[in-house]
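The values are calculated or read from the model by the stated rules, or taken from the named source; none is laboratory data. As the structure is a prediction and not an experimental result, all values here were calculated from the model. Heads up, the Cβs are rebuilt from the backbone with ideal geometry, glycines too, and the neighbour counts pull from every protein chain shown. Remember, those area values only see protein heavy atoms, side chains included, never the ligands or the DNA or RNA. Shrake-Rupley method; radii C 1.70, N 1.55, O 1.52, S 1.80 Å.
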Number of protein chains: 2
Amino acid sequence: MDLDDPTGCVTFLVRHAWLSMRSALADALDEHGLSVQQYGVLVLVSKVPGRTVAEVGREVGTARQSANELISGMERAGLLERRPNPNDRRTQQVHLTPDGEQRLIDVGPAVRKVEEDLEASFSDADRAAARAWLHHMVENAG
Amino acid sequence: MDLDDPTGCVTFLVRHAWLSMRSALADALDEHGLSVQQYGVLVLVSKVPGRTVAEVGREVGTARQSANELISGMERAGLLERRPNPNDRRTQQVHLTPDGEQRLIDVGPAVRKVEEDLEASFSDADRAAARAWLHHMVENAG
DNA sequence: ATAGGATTGACAGGTTCCTGACAATCGAGG
DNA sequence: CCTCGATTGTCAGGAACCTGTCAATCCTAT
């Protein structure tokens with residue numbers, strides 16, 4: 001990727017960072033047969049099992065319908081399963097299958113290595129500062 | 001937008017920041033009838049007139065074909081024009097029309113206000129640090 | 001209890017973006 | 001000169017994502 005950002009617009013710099021990091025992450029993930037979006041859902045459902053489709057969509061930053069299609073695909077791939085929600089007949093609880101859990105464990109080191117390598121030259125303070133800046137953008141925009 | 005990022009993965013935090021900032025930018029832009037991608041191309045071509053389609057695609061972080069479609073649409077909208085390149089008969093030089101230049105001038109303040117408001121609570125040093133971090137991600141990934 | 005509003009998962013249809021090809025053209029090396 | 005590899009703009013087809021909509025369900029207030 002080229003992406004030198006001559007626009008002088010921070011928003012596009014953030015976009016370029018996202019594209020580059022996604023590309024690096026994708027390289028590590030598709031050795032394990034996972035897409036970046038699938039990995040995102042896997043991590044999310046792993047941290048908070050029982051999430052509904054709509055919740056997954058919101059927290060992963062995509063439309064409800066896109067989350068639906070994504071989850072359906074992962075269900076077909078045997079990574080996820082939907083269970084009926086006893087407290088709400090509209091929704092379904094999304095859970096990891098044993099295969100999904102195993103896959104998440106398998107890719108963990110590779111993912112962590114990618115991000116660690118990318119940030120290797122930064123101090124803990126710098127990393128925290130960058131996260132704070134990014135988090136602030138998330139909170140105050142949209 | 002929700003986007004609280006419980007994944008603990010910086011890459012997704014960057015994605016969330018991009019989505020949020022893009023949404024804020026889009027709100028400001030569509031009052032002037034521009035999309036975020038169109039604005040990006042406008043700024044890029046303004047800074048370096050005569051860019052080819054392929055170059056625009058690379059620098060804006062999209063496929064050659066997507067840049068082609070984007071530029072075609074903006075040409076139809078009277079914002080851009082393609083001129084033959086005397087030194088290379090394969091390529092065409094993309095230039096702003098007077099309308100395109102005017103539109104860019106018109107939206108400038110709104111765009112700058114959005115980004116300034118987002119970063120208002122950060123010092124110059126913090127802003128520079130965030131840009132350095134982002135730039136490093138762009139350089140070392142992809 | 002029940003009416004009204006909001007939310008859910010899913011379907012249909014459309015937009016955006018991408019990959020894979022193609023001929024035309026350029027540039028370097030015989 | 002001429003060939004060969006690389007690059008350009010563009011077309012065709014598909015993948016990913018979104019909006020709009022619907023019935024079903026939940027929640028709140030009267």
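A few points about this structure:
- The calculated FRET efficiency for B:Arg89 paired with A:Asn85, based on their beta-carbon distance and R0 = 45 Å, is about 0.10.
- Region A:56-65 - phi-based ³J(HN,Hα) in whole Hz, Karplus 6.51/-1.76/1.60, Gly and Pro as x: 4, x, 4, 6, 9, x, 9, 5, 4, 5
- Shortest-first distances to equivalent copies, position A:Arg82, nm, label 7 Å out along Cβ: 4.4
- Close amide H contacts of B:Gln92 (hydrogens built in the peptide plane, cut-off under 5 Å, sequence separation of 5 or more or a different chain): B:Val53.
- Theoretical FRET efficiency, 1/(1+(r/R0)^6), r = Cβ-Cβ of A:Ala54 and A:Ser23, R0 25 Å, to 0.05: 0.30
- Estimated purely from DSSP H runs of n ≥ 4, each contributing -39500 (n - 2.57), the mean residue ellipticity at 222 nm for chain B is -21500 deg cm²/dmol once divided by its residues.
- GNM flexibility winner over chain B from B:Arg15, B:Arg112, B:Arg103 (Cα, springs under 10 Å): B:Arg15
- Using θ = phi - 60° in the Karplus curve 6.51 cos²θ - 1.76 cosθ + 1.60, the 3J(HN,Hα) couplings for region A:90-97 round to 6, 9, 10, 8, 8, 10, 6, 7 Hz; x is entered for Gly and Pro.
- Short-range pairs are left out: with C-alpha atoms under 8 Å and at least six residues apart, the relative contact order of region B:10-140 is 23 percent.
- Residue of A:Leu42, A:Leu79, A:Leu13 that the Gaussian network model of chain A assigns the largest fluctuation, springs spanning Cα pairs under 10 Å: A:Leu13
- Amide H contacts of A:Leu80: A:Glu75, A:Thr97, each under 5 Å away and 5 or more positions distant or on a separate chain (H built 1.01 Å from N in the peptide plane; Pro and chain starts excluded).
- Surface accessible to a 1.4 Å probe, B:Lys113 within the full protein complex, Å²: 120
- Karplus-derived HN-Hα couplings along region A:8-20 (A = 6.51, B = -1.76, C = 1.60, θ = phi - 60°), whole Hz, x at Gly and Pro: x, 10, 4, 4, 6, 5, 4, 4, 4, 4, 4, 4, 5
- For chain B, built as a Gaussian network whose Cα springs stay under 10 Å, the top-fluctuating residue of B:Ala110, B:Ala130, B:Ala120: B:Ala130
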